[in-house]
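For reference, the structure discussed in these notes is given below.
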Amino acid sequence: MSSPAPTPQGPAPFLTIHTAVVLLIAVVIGLVVGGLTFLSGGAVAAAVLAGLTAAGVSVPVLRSLIG
């Protein structure tokens, strides 16, 4: 009897699925908050700042909630 051939191991992925999902959802949250801030009459700079802040704050929360 012959043993099964070993499967070749490729390089490790650059991002895990968990990291990709967390970052993707954080970007969506940032875009929504930034868009709503702009539509509410805020300046473009304030909308960008609000979106970046929302995305940054949501990453640790999403990391603990997902997975």
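The values are calculated or read from the model by the stated rules, or taken from the named source; none is laboratory data. These numbers come from a predicted model, not from an experiment. Remember, those area values only see protein heavy atoms, side chains included, never the ligands or the DNA or RNA. Shrake-Rupley method; radii C 1.70, N 1.55, O 1.52, S 1.80 Å.
Accessible area per residue for the chain in Å², computed with a 1.4 Å probe and the full protein assembly in place, what is it?
Per-residue accessible area for the chain comes out at 79 Å².
For Rg/Rh (Cα atoms, Kirkwood Rh), several values are listed as [x] 1.11; [y] 0.92; [z] 1.38; flag the one computed from this structure.
Among [x] 1.11; [y] 0.92; [z] 1.38, the one derived from this structure is [z].
Rounded to whole Å, give me the distance from the Cα center of region 1-25 to that of region 31-61.
Comparing the Cα centres of region 1-25 and region 31-61, I get a distance of 34 Å.
Can you give me the % of accessible surface on region 14-60 that is carbon or sulfur? Probe 1.4 Å, all protein chains present, nothing else counted.
Roughly 87 percent of what the probe reaches on region 14-60 is carbon or sulfur.
Springs between alpha-carbon atoms under 10 Å, Gaussian network over the chain: tell me which of LEU31, LEU39, LEU49 tops the mean-square fluctuations.
Maximum among the listed residues: LEU39.
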